[in-house]
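Undergrad: Next up is a structure, given as structure tokens.
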Amino acid sequence: MLRTWDIPGTLAFYTQVLGFRCDAYEESWGWAQVSRDGVTLMFSGPNEHEGDRQPEFTGSLYIEIDDPDAFFGLIADRARVCYPIESFEFGMREFAIYDNNGYLLQFGCAIKDDIEREIKS
């Protein structure tokens, strides 16, 4: 559950830029849910009991996808990029963007050659 002060804007970003489907939106509750390829995310408005003032999250959401190169090509000019598509020595090919709230989203997959090399070792 990610908190946002702009649920309509967040829904627009996730559906129009990232291709998620809006599964539910309850404006009166300040809550929404999106999904894509087996990944489900929920968003809520600020939690008044906790005194939320802005979105805060010290990590990132890592979403495994089959073809990060193709996905990066589709969204790179429509989102703020943290780092472009890259292969890392730890065996992942990935990129990272920020959503409209500033949350860091990483998308990637294991590099098949590295997996096969690992299995043979």
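No value in this document is a laboratory result; all are computed from the given coordinates. Fair warning: this is a prediction, and the values are worked out from it, not measured in the lab. Cβ: placed from backbone, ideal geometry, glycine included. Neighbour counts: every protein chain shown.
Undergrad: For a quick protection proxy, order the peptides 10-22, 36-48 by their average other-Cβ count within 10 Å, most packed first. The partial results should precede the final answer.
TA: Values: 10-22: 16.3, 36-48: 13.9.
With the highest mean Cβ count within 10 Å placed first, the list reads 10-22, 36-48.
Undergrad: Follow-up. Return the sequence-ordered ³J(HN,Hα) values of region 64-72 in whole Hz as given by the Karplus equation 6.51 cos²θ - 1.76 cosθ + 1.60 applied to θ = phi - 60°, using x for Gly and Pro.
TA: 7, 9, 6, 9, x, 4, 5, 5, 4
Undergrad: Arranged from highest to lowest average of other beta-carbon atoms within 10 Å per residue, in what order do the peptides 89-102, 72-85 appear?
TA: Per-residue mean Cβ counts within 10 Å order the peptides as 89-102, 72-85.
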